[in-house]
1. Only one of (1) surrounded by 18 or more Cβ atoms within 10 Å (Cβ to Cβ); (2) under 18 Å from Val225 (Cβ atoms) fails for Thr314. Which number is that?
2. With the condition kept exactly as written, say whether any residue in the range 9-19 is over 21 Å from Ala143 (Cβ atoms) and small (Gly, Ala, Ser).
3. Among the listed residues Ser15, Ser92, Ser36, Ser86, which satisfies the condition of being among the small types (Gly, Ala, Ser) and more than 14 Å from Leu163 (Cβ to Cβ)?
4. Could you give me the residue pairs with C-beta distances under 7 Å whose first residue belongs to the range 89-101 and is within 21 Å of Cys79 (Cβ to Cβ), whose second residue is open to solvent by less than 40 Å² (accessible area, probe 1.4 Å) and outside any helix (DSSP H, G or I) wherever it lies, and which are 6+ apart or on separate chains?
5. Looking for whichever is assigned to a helix (DSSP H, G or I), modelled with pLDDT under 75, open to solvent by 20 Å² or more (accessible area, probe 1.4 Å) and not hydroxyl-bearing (Ser, Thr, Tyr) here; the options are Ala209, Ala156, Ala196, Ala181. Which one fits?
6. If you go through the range 18-61, how many residues are charged (D, E, K, R) and either surrounded by 15 or more Cβ atoms within 10 Å (Cβ to Cβ) or in contact with a strand residue (DSSP E or B) (Cβ under 9 Å, 6 or more places away or on another chain) (or both)?
7. Hey, can you tell me all the residues within the range 368-380 that are aliphatic (A, V, I, L, M) and farther than 13 Å from Ser246 by Cβ?
8. Just one of Ala121, Ala108, Ala132 is at pLDDT 85 or above and in a helix (DSSP H, G or I); which is it?
Amino acid sequence: MKRFPSTVIRLLLSSFVFVMGRAVALPFMALYLSDSLGLDQQAVGWIMGGSIFFSTLFGLYAGYLTDRLDKRRLMMFACIAVALCSLLVTVSAFALAALLALACIESALTLRSIALKAMLADLLPPDQRPRAFSMNYMLINMAFAIGPVLGAWLFAYQVAAPLMISAIFSLMASQIVGYQARDNITQTPATVPAVADTRLKPGFGSTLASLKNDRRLIFLTLGSVLTSFVFGRFVSGYLSQYLILSRGTQATAKLIPYILITNAVTVVVLQYPVGKLMQQKYLFRWVTLGVSLYALGLLGFMQADSVISWVMATLAFTLGEVIVIPCEYLFIDMIAPADKRGSYYGAQSLATFGAAFSPVVCGFLLAHFRSAVMFWTLITAALMGVVLYYAGTRARASLPAVAAGLAEAAEKETPCVSCLKAASSMMASNRIRKLFPFS
């Protein structure tokens, strides 16, 4: 097994440090806003939900920026912005100021996440990217397993302390990213796109039009929205709502820690080993297996009547999460042109809408129907996600994109070379269609 280059290791380390800062502060953000600004729960919900909604839409422009500007500097800027805005929240005296600060924080998080994924794809060949994406997701879960414990201790000491420590972690992450590596990394044209004059690149409107015309991207993003609807807020969202309704607050408070611990330990232990097994040519098989485990876990939640049964259902559900999360990124990685990789990841970040709407839809279903209706709705959404992934693997690349690639090759090369590159471009643009589901 090949080791990651030192630059990739540094990026993953910066990701862990950065997310650690978020894990220290994020679980206590609602408490801080309520305690410091005297806001009721509805106002707190509007502030936190509004900031996430804005950052999700910003993801499209963040991807565009990632394609045009230096990714390392964007990541440094995002880390510094999070640090400054975290400190700004501590001195905010009005709800509007807190909303603006949190919107900036969430937008910076989105920008950094997209830049990180695009940079990992630039630095690594396709066969190493599944390991890198899995490692990054594992480190994120490790940070969220450790961070809230530190945050709870800091919050008890001083309510603004988690935000201050979060700012320090963010600045540390910016320094790790900004460290100029002197190690030599072999970069081939297949893994690292050539640096082009940004003035020659298409504008934001042209980029959006290009994304809109790629049916593969649309199908795969919609599939991600549905799977995100199922797993995005499954503990803090619909499971908590279901348990409070069916068992009461006290029983829910006793059971939730078992679910959280099972989820965290499973991800940390299995994410990287499973990621090493993934191969791009079998991605549809993997995502089908992952969604099947989602469905199995949801059926388990529906029937669970003891701590053991809840733990077993959580284990099955989390195994699905371990599989599906890297698959979502790898599907996009396979269809994204090298010069638009950030924009494609930015479009895929719209899947966050699925997680945002999940508590709302599930709360409505629990309030008006039997609890089984909610679980069957979630299972249906997961299975529909598989259908959309399948549609994405079978769709063809947009003709304008292929035609532009052929025209560019014809202008720059001799007739023979241009013919060879034309054939290569057409094959590469449709390579995801080789992912026959069960061949």
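The values are calculated or read from the model by the stated rules, or taken from the named source; none is laboratory data. Nothing here was measured: the structure is a model prediction, and the numbers come from that model. Every residue, glycine among them, receives a Cβ derived from its backbone with ideal geometry; neighbour counts consider all protein chains shown. To get the accessible areas, we keep the full protein, side chains included, count just its heavy atoms, and leave off ligands, DNA and RNA. Shrake-Rupley method; radii C 1.70, N 1.55, O 1.52, S 1.80 Å.
1. Thr314 satisfies every listed condition except (2).
2. Scanning the range 9-19 turns up no residue that is over 21 Å from Ala143 (Cβ atoms) and small (Gly, Ala, Ser).
3. On inspection, the qualifying residue turns out to be Ser15.
4. These pairs meet every condition: Thr90/Ala160; Ala98/Ser92; Ala101/Ser92.
5. Ala209
6. Selection size over the range 18-61: 1.
7. Answer for the range 368-380, where residues must be aliphatic (A, V, I, L, M) and farther than 13 Å from Ser246 by Cβ: Val373, Leu378, Ile379.
8. Ala108
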